[in-house]
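Derivation of every value follows stated rules applied to the coordinates shown; laboratory data play no part. What you see is a predicted model, and the numbers here were worked out from it, not measured in a lab. All Cβ positions, even for glycine, are placed from backbone atoms using ideal geometry, and neighbour counts span all protein chains on display.
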Amino acid sequence: MGEFVIKMPDVGEGVAEAELVEWHVKPGDPVREDMVLAAVMTDKATVEIPSPVTGTVLWLGAEVGDTVAVKSPLVRIEIAGEGARAAPLDEKPVAKAEEKPDVKVEAPAPVAKTTQPAKVEAKAPAANGIPPAAERQEKALASPAVRLRAKESGVDLRQVTGTGPAGRITHDDLDQFIARGAQPALAPAGLQRKTAVDEIKVTGLRRRIAEKMSLSTSRIPHITYVEEVDMTALEDLRATMNRDRKADQPKLTILPYLMRALVRTVAEQPAVNAIFDDGPGIIHRHHAVHIGIATQTPAGLTVPVVRHAEARGIWDCANELNRLAEAARTGTATRDELTGSTITISSLGALGGIVSTPVINHPEVAIVGVNKLAIRPVWDGTQFVPRKIMNLSSSFDHRVIDGWDAAVFVQRLKTLLETPALIFVEA
């Protein structure tokens, strides 16, 4: 018998490490050639690591959530015949089957889905109705006199419900508790105290999101500008185009129109279509418009990128938007499809609310947030008329975008959306 060592592969150009997000095996498990052993993530792209050999898992070199360097030992497999090499003495396994025979490992979920952490279940109360000791660790609030009486009576004050200020236990509370035969007061029908705590380790995409948001808010001084837009004309146009669309054309949402309006606006306001490298203090203004579309997936928020929106028409934008959204939701989007945006759109659709404060997708300098469309009464000079109104909540990097320039950008975007024919006029 021998050992075969599987090392962390090179999962992408320029990538030196990746985060382990899922194990599909445990020590002692038999594996066959091409069987998926683990999943790792880098830059929001998930990569599966298969086994090149058939054998038995001896050792796992990392735990879920760990960052593993490329070429570091990841798995050791016992195989028939001579192995690749013996295990060095200074490498300690995370766990071995014989060391923890009672450990139970649930079957892993597919890579495209989010693995749900185990919940800490609340234990059932004892027969006498008194919660287990492990669930009664908080110190009771009571005066020294009440504590002395409870001690003399052999009563655990943590079992007594206090009716005094801030839940303080009074002499009457203690008397009633003793009179009931040391039984805790019954809660109203259907209401019970809950003591379980779910411990959720932040790993994978959720950790990437947390790191990205922390970086953005800590390094970018945001300025958010909110403006309402009358979408009545655009909605009428959208309804007409959807009614007359061809069988192979997708149903249009507001986003393709907004994307085309963004292209026209950044041509006049190039400062917002930029990347700010704040280390050396260099602003990279892009002529190409690569629009990131914040997309909610079962695993969390991702930002697929519609590249070269300046070269796409309305229908092309809609097709690419649908393709990327589906890839993001199913976890099949590539690293290139999730990076390289120059400006981002964030939309919560029907849940968009009235106003939002979108966080800039670092290192970009602007993000446009789409809020909920609603029919509101608008004064036309003689009377109130129903109009379809939608707010745009846009954030800018105040280090490089002044408030005036942000306002000019949003007002131009408003003009194009309120007069949608301008979107189609050749510049």
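What to note about this one:
- Sparsely packed loop sites in segment 1-82 (the GluC sites (Glu not before Pro) outside DSSP H, G, I, E and B with at most 15 other Cβ atoms within 10 Å) comprise Glu13, Glu33, Glu63, Glu82.
- Sequentially through segment 305-321, phi angles give Karplus couplings (6.51, -1.76, 1.60; θ = phi - 60°) of 10, 8, 7, 6, 5, 5, 9, 10, x, 4, 5, 5, 4, 5, 4, 5, 4 Hz, Gly and Pro residues having no value and appearing as x.
- Phi angles of segment 287-294 translate, via the Karplus equation with coefficients 6.51, -1.76, 1.60 and θ = phi - 60°, into HN-Hα couplings of 7, 6, 10, 9, 9, x, 10, 4 Hz per residue; Gly and Pro are given as x.
- Centre-to-centre separation between the Cα atoms of segment 328-375 and those of segment 297-321: 11 Å.
- In this simple spin-label model, placing a label point 7 Å from the Cα along the Cα-to-Cβ direction at both Ala210 and Gln383 gives a separation of 5.7 nm.
- Cα centroid of segment 21-45 to Cα centroid of segment 213-262, whole Å: 40 Å
- Neighbourhood charge, 14 Å Cβ-Cβ cut-off, centred on Asp175 and excluding it, Lys, Arg +1 and Asp, Glu -1: -1
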